[in-house]
1. Tell me the angle of helix 162-171 to the major Cα principal axis of the chain, expressed in degrees between 0 and 90 and rounded to the nearest ten.
2. With 27 Å as the limit, write out which pairs from K8/K145; K8/K158; K13/K69 have Cα-Cα distances beyond it, or answer none.
3. For a protection proxy built on the mean count of beta-carbon atoms within 10 angstrom, sort 104-112, 125-133 highest first, please.
4. Tally Lys and Arg at +1 and Asp and Glu at -1 over the other residues with C-beta under 15 Å from the C-beta of G101: what net charge comes out?
5. Test of the criteria: in region 106-146, which chymotrypsin sites (Phe, Trp or Tyr not before Pro) are in a DSSP loop and have at most 16 other Cβ atoms within 10 angstrom of their Cβ?
6. What is the local net charge at K145, summed over the other residues whose Cβ is closer than 14 Å to its Cβ (Lys, Arg +1; Asp, Glu -1)?
7. So what's the net charge close to R127: Lys and Arg +1, Asp and Glu -1, counting the other residues with Cβ under 9 Å from its Cβ?
8. State the Kirkwood hydrodynamic radius of region 63-107 in Å, one decimal place, computed from all pairs of distinct Cα atoms.
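Please treat every number below as a calculation from the coordinates, not as lab data. This structure is a prediction, so every number in the text was calculated from the model and none was measured. Because the Cβ atoms are built from the backbone with ideal geometry, glycine has one as well, and the counts that use them run over all protein chains shown.
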Amino acid sequence: MVIVLFGKPGAGKGTQAPRLAEALGVPILATGDVLRAALREGTPLGLEAKSYMERGALVPDAVILGIVKETLGTEQFARGAVLDGVVRTVPQAEGLERALGELGRTLGAVLVFEIDDAEIVQRISGRLVCDKTQQPFTGYEPGAKCPECPDGTLVRRKDDEPEAVRTRLDVYRAQTFPVLDWYRAHGATVRTIDAVGDVEEVTARALGALGIDGRQSAA
Ligand code: AMP
């Protein structure tokens, strides 16, 4: 089953992806994580993506579709995937559709995480990551020692700075939100859930929207 997690930056897709992936028994493809890893390693992909990512703009569709096609074609992804952070433009939706068609697969559902901008700004302004492991933390000041690793320091992601967050929300409205109309017009299953609440609660809503009983699948 291939599921697209859809929603504004900071809606909680990255928190829910591992929980949903476990329940569905499929791996995650998070394009943001792939690009951040490439950036850390200084690969050509990372160098190409760097300036777009740091200002909160979208990386070109051809780059994203290259990652998507390559990943979905691997053995590990043969049973499906939870897609986190892709699809973000109509050309990406079209490209994913083509890639799935070539692999003889179909899209299971688009799961939309709904949340207000005000809540997003509050969430993102409190989010820091360890500079060694990239694990996210809240409730700390920038520069604090990482609570989980010996020489990590908590820092704000460049694209979590207020200016970049505003750009990311503008980009979402202009380029990503219209993708939902594309999916609806193409007869895809689109399910919307309230993304505000406890992590467990949101997972249960998401699984419910996909028609899966979370208690059974976790057992
Ligand atoms: P994320 O972690 O999903 O918020 O992604 C972080 C950044 O990576 C985004 O702000 C974009 O610059 C880039 N990115 C990740 N996924 C995509 C995508 N599907 N299309 C374009 N840019 C992307």
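1. Rounded to the nearest ten degrees, it is 10.
2. K8/K145
3. Ranked from most to least packed, the peptides come out as 104-112, 125-133.
4. The answer is 0.
5. Those that pass, being in a loop and sparsely packed, are Y140.
6. My count for the surroundings of K145 gives -3.
7. For residues surrounding R127, the net value is +2.
8. It is 10.6 Å.
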